[in-house]
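Note sheet for the following structure.
The values are calculated or read from the model by the stated rules, or taken from the named source; none is laboratory data. For clarity, every value in this text was computed on a predicted model and none was experimentally measured. Note that each Cβ is placed from the backbone with ideal geometry, even for glycine, and that neighbours are counted across all protein chains shown. Each accessible area value is taken on the protein alone, full model and side chains, heavy atoms only, with ligands, DNA and RNA left out. Shrake-Rupley method; radii C 1.70, N 1.55, O 1.52, S 1.80 Å.
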Amino acid sequence: MSQQPPLQKAVRPRVGQVRGEFQLGTSRIKRIGINRWHWGDIYHWMLTIGWPQFFLLIGALYFFTNLVFALAFYLVPGSISNARPGYFPDCVFFSIETLATVGYGFMNPGSTYGHVVASTEILLGMVEVAAVTGLLFARFSRPTSRIMFSEVAVITPFNGVPTLMLRAGNERANLILEASVRASLVRRETTLEGQVFTRFYDLTLEREHSGVFALTWTILHKIDESSPLFGKSQQDLQNEGTTLTVAISGTDDTLNDFVHARQTYAAEHIYFNHHFADIMSDKLEGNVRILDYSKFHDIYPDGSGEGLMPGAALAHPG
């Protein structure tokens, strides 16, 4: 039987902040009744915004600072020696030179007021340069990982037991040492008192630790009587608002620092009776075996339940 093309999968939502809301799977939570801003969070916020927003903010701060001090010089004639009277661009250029502590020498403070304004701008400029330098260093030196996760998770028989599977891969050509993985299931339950309660279940995995994470890692959870997924169907997961969360952490051997990555799967991104395509080729190119990442996210029916392919088509879960 010829192999069917891989299924088209919905885009999986990510965990994190979405326009002031916290998103976990398909659940979006908006917090109210707390202070939304605190001055102590500025440093954390500057580290978490994207690079375009960061440089845009730095540029806006630089422009605003120069404009304010240029206006202070402009409003008091005679503050700058050799500046053309009433010519605002001269005040702007002198402000830029002062903020950068360049001092070309042609224009200089022309009064006590000018010296006070220039001294204030120099002090502020030193503080801004130190702050921006520290932020740039912190952003560049912050350890990051390039761990990718499969776009969906699957449930398929493995050694005769229904098993939840998902893939992780290291996109960098380095090693993550002493790697560990944690998986949790989040769902809504109704208590005996009739209250709706969100409950977290830690999933028992076949292998939670790996001395070296170099290429790929198939994460397995057997669905037996002790599993929170035991006896559940796709519709049950959707009705309960189920979300699967996965986190991998370890030590980057290049940076010699701790790195981590996480991902979430909503109920509609957990496919029953499907398996992953085998990405490890049995054919050799010389002495090299090929690992095909282009098939990393591909899944196929496994022939069980609603599957359309024979059960023998179960791919290697490596």
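Rg/Rh, computed from the Cα trace of the stretch 188-257 with Rh as the Kirkwood radius, has the value 1.10.
The trypsin sites (Lys or Arg not before Pro) of the stretch 143-211 meeting both criteria, a DSSP state outside H, G, I, E and B (loop) and at most 16 other C-beta atoms within 10 angstrom of the site's C-beta, are Arg146, Arg172, Arg207.
Karplus-derived 3J(HN,Hα) values for the stretch 59-74, using 6.51 cos²θ - 1.76 cosθ + 1.60 with θ = phi - 60°, are x, 5, 5, 4, 5, 5, 4, 5, 5, 5, 6, 4, 5, 5, 5, 5 Hz; glycine and proline are entered as x.
Just the ratio, please: alpha-carbon radius of gyration of the stretch 137-202 over 2.2 N^0.38 Å, N its number of residues. Scaled against compact globular proteins, the figure is 1.69.
Accessible surface calculations at 1.4 Å, restricted to protein heavy atoms, place the stretch 199-248 at 51 Å² per residue. In order along the stretch 83-99, phi translates into HN-Hα couplings of 7, 5, x, x, 9, 4, x, 4, 5, 5, 5, 5, 5, 5, 5, 5, 4 Hz, rounded to whole numbers, per the Karplus curve 6.51 cos²θ - 1.76 cosθ + 1.60 with θ = phi - 60° and x for Gly and Pro. Which FRET efficiency value, to the nearest 0.05, is calculated for Ser111 and Ile42 with the Förster distance at 35 angstrom and r the Cβ-Cβ distance? Once the sixth-power term is evaluated, E becomes 0.50.
Can you send over the carbon and sulfur percentage of the accessible area for the stretch 152-237, probe radius 1.4 Å, protein chains only? Within the stretch 152-237, the accessible surface is 51 percent carbon and sulfur.
Taking the solvent-accessible surface of protein heavy atoms with a 1.4 Å probe, what is the per residue accessible area of the stretch 84-135 in Å²? Don't skip to the end; give the middle numbers.
Numbers: 3080 Å² over 52 residues.
Here the residues of the stretch 84-135 average 59 Å² of exposed surface.
Qualifying chymotrypsin sites (Phe, Trp or Tyr not before Pro) in the stretch 62-134, where qualification requires a DSSP coil assignment and no more than 13 other C-beta atoms within 10 Å, comprise Tyr87, Tyr104, Phe106. Placing a pseudo-label 7 Å from each Cα along the Cα-to-Cβ vector at Leu57 and Leu291 gives an inter-label distance of 3.6 nm. To put it simply, the accessible area of the stretch 52-134 at a 1.4 Å probe is 76 percent carbon and sulfur. Amide H contacts of Gly303 (H built 1.01 Å from N, in plane; Pro and chain starts excluded): Leu308, Met309 sit under 5 Å, all sequence-distant by 5 or more or on other chains. For the stretch 120-134, 3J(HN,Hα) computed residue by residue from phi via the Karplus equation (6.51, -1.76, 1.60; θ = phi - 60°) reads 4, 5, 4, 4, 5, x, 5, 5, 5, 4, 5, 5, 5, 4, x Hz, glycine and proline entered as x.
Length gained on full extension, Phe64 to Arg146, computed as 0.36 nm times the residue gap minus the Cα-Cα distance: 25.8 nm. For the pair Asn256 and Glu189, label points projected 7 Å from Cα toward Cβ lie 4.6 nm apart. Annotation note: GluC sites (Glu not before Pro) in the stretch 208-270 located in DSSP loop regions with a Cβ neighbour count of at most 16 within 10 Å are Glu208, Glu225. Across the stretch 100-231, Cα-Cα distances exceeding 16 Å account for 78% of all pairs.
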